[in-house]
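Participant: Below: one structure in structure tokens.
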Amino acid sequence: MIYLENYIDGELQPPINGRFLDNYNPSKGVVYSQIPDSDKADVQAAVVAAKSAFKSWSEKPKEERSKILVRLADLIAENLESLAAAESIDNGKPLSLAKKVDIPRAASNIGFYATAILHYASESHSMEGAGINYTLRKPIGVVGCISPWNLPLYLFTWKIAPAIAAGNCVVAKPSEITPMTAYLFSKLCLQAGLPPGVLNIVHGLGPKVGAAITEHPEITAISFTGGTQTGATIAKVAAPMFKKLSLELGGKNPNIIFADCDLDKAISTSVHSSFANQGQICLCGSRIFVEEPIYEAFKKGFVEKIKQLKIGDPFDPKTNQGAVVSEDHMKKVLACIDLAKEEGGTIIAGGNRVVLEGDLADGYYIEPTIIEGLPFDCRTNQEEIFGPVVTIAPFKTEEEVIKYANSTLYGLASCIWTENLTKAHRLAASLETGIVWINCWLVRDLRTPFGGVKNSGVGREGGFEALHFFTEPQNICVKIQ
Ligand code: NDP
């Protein structure tokens with residue numbers, strides 16, 4: 001049995017209370033490691049370490065901070081195989097996906113901010129000879145980073161990289177459901193020579209460790225990615241304490257397919273945008289709207305392709321669909337499928353749990369599921385499912401599909417498929433989402449603002465936006481006449 005440890009003040013250490021939690025391998029439904037069941041005392045130790053590291057880290061020339069982060073990015077890349085295997089075992093995702101997406105992107109996140117900080121310049125505003133203002137961008141101090149289970153190391157590093165690059169010290173909590181790669185990452189931080197206390201990783205439950213981070217008076221900014229409900233809980237605590245908050249929350253993303261699209265591309269990309277990572281990506285398009293003239297053709301091609309997806313052992317290179325992350329999550333997704341049926345939906349593909357053979361028999365597998373015949377405003381089309389389940393519906397006009405697309409409380413991402421670029425740009429501007437992809441999905445440039453509107457979040461990550469978040473601007477005005 002592997003026992004994970006917290007990473008506090010540059011040391012790997014067990015939780016102060018000595019308690020551990022079971023960590024499951026979702027592909028087999030078995031416990032394979034133990035996670036620290038940390039509490040307030042560990043968070044307090046992490047804050048003390050972060051505070052004492054802050055002065056020297058924030059005053060270190062950015063070139064030196066950059067060098068350490070570049071080393072860390074290189075170490076992730078060098079350990080691609082073992083990190084990808086760990087991510088797949090911990091999360092249930094296909095090993096091929098972890099190798100191609102999760103771990104390379106974690107290395108890119110660190111590498112990106114290692115160099116971004118070298119190009120980050122502050123502003124100056126001249127007052128026509130009367131004076132000049134310049135803006136200092138100071139690191140905030142000790143910041144909290146809380147991340148979810150769907151893209152564990154990918155989203156964990158997406159937060160801590162800009163925080164550390166900007167000169168802050170971090171107390172971070174990965175999801176208790178997928179803590180393994182954050183633990184392995186802490187060992188790489190030691191190897192890279194990250195000074196003690198700059199990054200502290202406290203493992204444990206959200207309502208204990210996450211809440212202790214959120215309410216700690218000396219943690220002055222919180223960057224959170226996770227569910228909308230949890231985001232609201234965090235905001236309730238953090239707002240009256242006047243903490244800076246960045247919230248990346250849930251989504252219910254529309255995928256709009258016009259009759260004049262490149263149908264083959266729209267179908268094959270929609271397979272990924274619906275079911276990549278078993279549909280457990282906040283950016284997955286879970287509501288597919290298809291213009292009437294091609295509705296039947298799209299449906300036929302889409303269902304055919306979905307039926308070819310291989311559900312199986314995440315370590316098998318032929319597997320397209322691994323396990324969902326936990327037994328609880330599997331039950332939640334299956335309950336959502338039942339609700340869709342109660343609401344009058346017709347399952348046109350999938351709809352069931354899959355029981356595999358041998359030691360995978362207790363794993364948490366669900367067929368990729370397509371549901372037809374539901375109104376745009378039913379619960380299934382309004383609430384986030386976050387699993388391998390999509391709905392499909394026809395539309396007649398642009399006005400109608402805009403109404404459908406914008407009808408949810410969420411506003412994270414959307415996709416538009418059309419060869420008519422005038423229409424694409426017009427529609428993109430009218431969609432209430434922070435991100436719009438035209439004729440593609442999940443094409444990412446790390447310099448662009450990333451985040452959602454409405455209940456999908458507050459603030460933006462990515463590029464200099466994240467460095468703005470993790471610094472406090474101070475304007476200095478000099479009168480020169
Ligand atoms: P949760 O909100 O359940 O958890 C996210 C993190 O918050 C976990 O580390 C969790 O810990 C922690 N947490 C839970 N309760 C509290 C609390 N009271 N105070 C502080 N922290 C807490 O989300 P999931 O992990 O289930 O992730 C799935 C959700 O994340 C989906 O809604 C998805 O859309 C969203 N998401 C959004 C993204 C975006 O960029 N907008 C990207 C990826 C996912 P623990 O796991 O231990 O409970």
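The values are calculated or read from the model by the stated rules, or taken from the named source; none is laboratory data. Treat the numbers as computed from the prediction; the structure is a model and nothing was measured. No Cβ is skipped: glycine too gets one built from the backbone with ideal geometry, and neighbour counts run over all protein chains shown.
Participant: Determine which member of the set 92, 129, 167, 141 is outside the structural domain of residue 321 (by TED's automatic domain parsing), among the small types (Gly, Ala, Ser) and at pLDDT below 95.
Facilitator: From the options 92, 129, 167, 141, the qualifying one is 129.
Participant: May I pose another question? If the Cβ limit is 9 Å and pairs must be 6+ apart or interchain, which residue in the range 147-166 that is under 12 Å from residue 109 (Cβ atoms) pairs with which residue that is near the ligand (Cβ under 9 Å from one of its atoms) and among the aliphatic types (A, V, I, L, M)?
Facilitator: 147/155; 151/281; 158/151; 159/146
Participant: Condition first: under 30 Å from residue 313 (Cα atoms) and free of Cβ contacts under 8 Å to residues at least 60 places away in the same chain. Can you find one or more residues in the range 48-70 that meet it?
Facilitator: Of the residues in the range 48-70, the ones under 30 Å from residue 313 (Cα atoms) are none.
No - not one qualifying residue is present in the range 48-70.
Participant: Looking at residue 178, is it assigned by TED's automatic domain parsing to the domain that holds residue 25, over 22 Å from residue 50 (Cβ atoms), hydroxyl-bearing (Ser, Thr, Tyr) and touching a residue at least 24 places away in the same chain (Cβ under 8 Å)?
Facilitator: On the way: assigned by TED's automatic domain parsing to the domain that holds residue 25: yes; over 22 Å from residue 50 (Cβ atoms): yes; hydroxyl-bearing (Ser, Thr, Tyr): yes; touching a residue at least 24 places away in the same chain (Cβ under 8 Å): yes.
It is true that residue 178 is assigned by TED's automatic domain parsing to the domain that holds residue 25, over 22 Å from residue 50 (Cβ atoms), hydroxyl-bearing (Ser, Thr, Tyr) and touching a residue at least 24 places away in the same chain (Cβ under 8 Å).
Participant: From the list 324, 333, which residue is more than 30 Å from residue 427 (Cα to Cα), in a loop (DSSP other than H, G, I, E, B) and within 16 Å of the ligand (Cβ to nearest atom)? It would help to see each step written out before you state the result.
Facilitator: Working: 333 fails: in a loop (DSSP other than H, G, I, E, B).
The conditions single out 324.
Participant: Tell me, which strands (runs of 3 or more DSSP E) lie completely within the range 106-171 with 3 or more residues that are within 16 Å of residue 83 (Cβ to Cβ), within 16 Å of the ligand (Cβ to nearest atom) and out of contact with any His (no Cβ under 8 Å at 6 or more places or on another chain)? Let's see the steps before the verdict.
Facilitator: Values: elements: 124-126, 131-139, 142-146.
Hits in the range 106-171: none.
Participant: In this structure, does residue 63 turn out to be over 27 Å from the mean Cα position of the chain (by Cα) and closer than 26 Å to residue 162 by Cβ?
Facilitator: Numbers: over 27 Å from the mean Cα position of the chain (by Cα): yes; closer than 26 Å to residue 162 by Cβ: yes.
Spelling it out, residue 63 is indeed over 27 Å from the mean Cα position of the chain (by Cα) and closer than 26 Å to residue 162 by Cβ.
Participant: Does residue 332 satisfy the condition of being under 20 Å from the mean Cα position of the chain (by Cα), more than 22 Å from residue 357 (Cβ to Cβ) and modelled with pLDDT of 95 or more? Talk me through it step by step, then tell me what you get.
Facilitator: Numbers: under 20 Å from the mean Cα position of the chain (by Cα): yes; more than 22 Å from residue 357 (Cβ to Cβ): yes; modelled with pLDDT of 95 or more: yes.
Yes.
Participant: I would also like to ask the following. Go through the range 172-199 and give me each residue that's polar (S, T, N, Q) and away from the ligand (no atom under 15 Å from the Cβ). Outline the logic, then answer.
Facilitator: Initial filter on the range 172-199 (polar (S, T, N, Q)): 175, 178, 181, 186, 191.
Residues satisfying the conditions are 186, 191.
Participant: I've got another one for you. Do you know which residues across the range 336-360 are among the small types (Gly, Ala, Ser), over 29 Å from the mean Cα position of the chain (by Cα) and assigned to a loop (DSSP other than H, G, I, E, B)?
Facilitator: So the first thing to find is which residues in the range 336-360 are among the small types (Gly, Ala, Ser), and the list is 340, 344-345, 349-351, 358.
Among the residues that remain, those that are also over 29 Å from the mean Cα position of the chain (by Cα) are: 344-345, 358.
Of everything in the range 336-360, those that are among the small types (Gly, Ala, Ser), over 29 Å from the mean Cα position of the chain (by Cα) and assigned to a loop (DSSP other than H, G, I, E, B) turn out to be 344, 345.
Yes/no matrix, rows are residues, columns are (1) within 18 Å of residue 281 (Cβ to Cβ); (2) in contact with an Asp or Glu (Cβ under 9 Å, 6 or more places away or on another chain); (3) within 12 Å of the ligand (Cβ to nearest atom):
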residue	(1), (2), (3)
414	yes, yes, no
422	no, no, no
430	no, yes, no
433	yes, no, yes
450	yes, yes, yes
467	no, no, no
472	no, no, no
476	no, no, no
479	no, no, no
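Participant: Can you go through 208, 252, 187, 244 and tell me which one is out of contact with any His (no Cβ under 8 Å at 6 or more places or on another chain), modelled with pLDDT of 95 or more, among the basic types (Lys, Arg) and closer than 27 Å to residue 74 by Cα? Reasoning before the result, please.
Facilitator: Numbers: 208 fails: closer than 27 Å to residue 74 by Cα; 252 fails: closer than 27 Å to residue 74 by Cα; 244 fails: closer than 27 Å to residue 74 by Cα.
Exactly one of 208, 252, 187, 244 is out of contact with any His (no Cβ under 8 Å at 6 or more places or on another chain), modelled with pLDDT of 95 or more, among the basic types (Lys, Arg) and closer than 27 Å to residue 74 by Cα, namely 187.
Participant: Please state which one of 215, 176, 123 is over 24 Å from the mean Cα position of the chain (by Cα) and among the acidic types (Asp, Glu). Outline the logic, then answer.
Facilitator: Working: 215 fails: over 24 Å from the mean Cα position of the chain (by Cα); 176 fails: over 24 Å from the mean Cα position of the chain (by Cα).
From the options 215, 176, 123, the qualifying one is 123.
Participant: Tell me which residues, restricted to the range 233-255, are in contact with a Leu (Cβ under 7 Å, 6 or more places away or on another chain) and within 30 Å of residue 393 (Cα to Cα).
Facilitator: 251, 253
Participant: Based on this model, can you work out whether residue 299 counts as without any contact (Cβ under 8 Å) to a residue 60 or more places away in the chain and either touching an Asp or Glu at 6+ places or on another chain (Cβ under 8 Å) or in a helix (DSSP H, G or I) (or both)? Let's see the steps before the verdict.
Facilitator: On the way: without any contact (Cβ under 8 Å) to a residue 60 or more places away in the chain: no; either touching an Asp or Glu at 6+ places or on another chain (Cβ under 8 Å) or in a helix (DSSP H, G or I) (or both): yes.
Criteria not met by residue 299.
Participant: In the range 151-169, is there at least one residue being within 15 Å of the chain's Cα centre (by Cα) and either surrounded by fewer than 19 Cβ atoms within 10 Å (Cβ to Cβ) or polar (S, T, N, Q) (or both)?
Facilitator: Yes, that holds for at least one residue.
Participant: Please go through the range 2-34 and give me each residue that is of a type in the set (A, V, I, L, M) and either touching a strand residue (DSSP E or B) at 6+ places or on another chain (Cβ under 6 Å) or not assigned by TED's automatic domain parsing to the domain that holds residue 50 (or both), ordered by number. Walk me through it before giving the result.
Facilitator: So the first thing to find is which residues in the range 2-34 are of a type in the set (A, V, I, L, M), and the list is 2, 4, 8, 12, 16, 21, 30-31.
The answer is 2, 4, 8, 21, 31.
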